[in-house]
Amino acid sequence: MRRSFPLFALLALLATPVPARQPSDAQVEKEVDATLDRIRRGEKVTETRSGLDPCAILGGGVVSELVGVAEDAVTYPCDAPDKPGNEIIFSSSFPTASGRAKIVPADLLPPDELPDAEFPLVLTTGRLLEHWHTGSMTRRASNLDTLEPEAVAGLNPREMERLRIAPGDFVRVSTRRGTVMLKARADRDVAEGMVFLPFCFAEAAANLLTNPQLDPMGKIPEFKYCAAKVEKAEIAAAAE
């Protein structure tokens, strides 16, 4: 099962020193409001009233012309219009007084819900390469939907052997919040003791099972970890 995982690009951007050419927040807000007004009036907007390129405002110096003609990706931070950007953000120093990184220990908090005798597996969720998030767009693309047309539960082959489940068997994945039924798929990338559900299939919605408990610091729902069980589903034969 091929999955796509997001990069923590936002954290890198927040930690990057603000370029000298970066306009103030008030200026950006004023430019955005004025630009939106022009768009509402039907004008074609290629630059803001003051000459600031919208991409340059947000990209720290990179201009839209460079994005339009570059064969490869333009990566942030971009030092000048004729440069392709930087593959590594902190290649020589970090944005600290000393230029050196500060590494501090952190206490790890256990998940809110751990496996037990009733729910012995860990349920985690994520994307498929072919479908983005809820699949509201990618599942309308016939080529992508042909590649991944139905909901599946990824399990390690050894876990499937222990559960006496074969690839393609229908299984019930259950947590304390609900149950979904879908086909099992052998996936060596999934750890033993874990079941992986993509969250793009409304017919087997992963978030019916996930734990809505919030992280005490970041207030992020714990959608990636909860206790679960997997059982082979007996499908009754259709009456003749």
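The values are calculated or read from the model by the stated rules, or taken from the named source; none is laboratory data. This one's a predicted model, so the numbers in the text were calculated from it and none came from an experiment. Cβ: placed from backbone, ideal geometry, glycine included. Neighbour counts: every protein chain shown. These accessible areas exclude ligands, DNA and RNA; they are computed on the full protein's heavy atoms, side chains included. Shrake-Rupley method; radii C 1.70, N 1.55, O 1.52, S 1.80 Å.
Residue pairs whose Cβ atoms lie under 7 Å apart, separated by 6 or more positions or on different chains, with the first residue in region 129-143 and open to solvent by 90 Å² or more (accessible area, probe 1.4 Å) and the second of a type in the set (S, T, N, Q), are L129/S4; W132/T138.
Inspect region 152-167 for any residue being in a loop (DSSP other than H, G, I, E, B) and modelled with pLDDT under 95 and give the result as yes or no.
Narrowing region 152-167 to residues in a loop (DSSP other than H, G, I, E, B): 156, 164-167.
Okay, now just the ones that are also modelled with pLDDT under 95, so none.
No.
Can you spot a residue in region 76-97 that is open to solvent by less than 100 Å² (accessible area, probe 1.4 Å), modelled with pLDDT of 80 or more and of a type in the set (A, V, I, L, M, F, W, C)? Within region 76-97, one or more residues are open to solvent by less than 100 Å² (accessible area, probe 1.4 Å), modelled with pLDDT of 80 or more and of a type in the set (A, V, I, L, M, F, W, C). Taken over region 187-240, the residue count meeting the criterion of being touching a Phe, Trp or Tyr at 6+ places or on another chain (Cβ under 9 Å) and either surrounded by 13 or more Cβ atoms within 10 Å (Cβ to Cβ) or closer than 19 Å to L128 by Cβ (or both) is 17.
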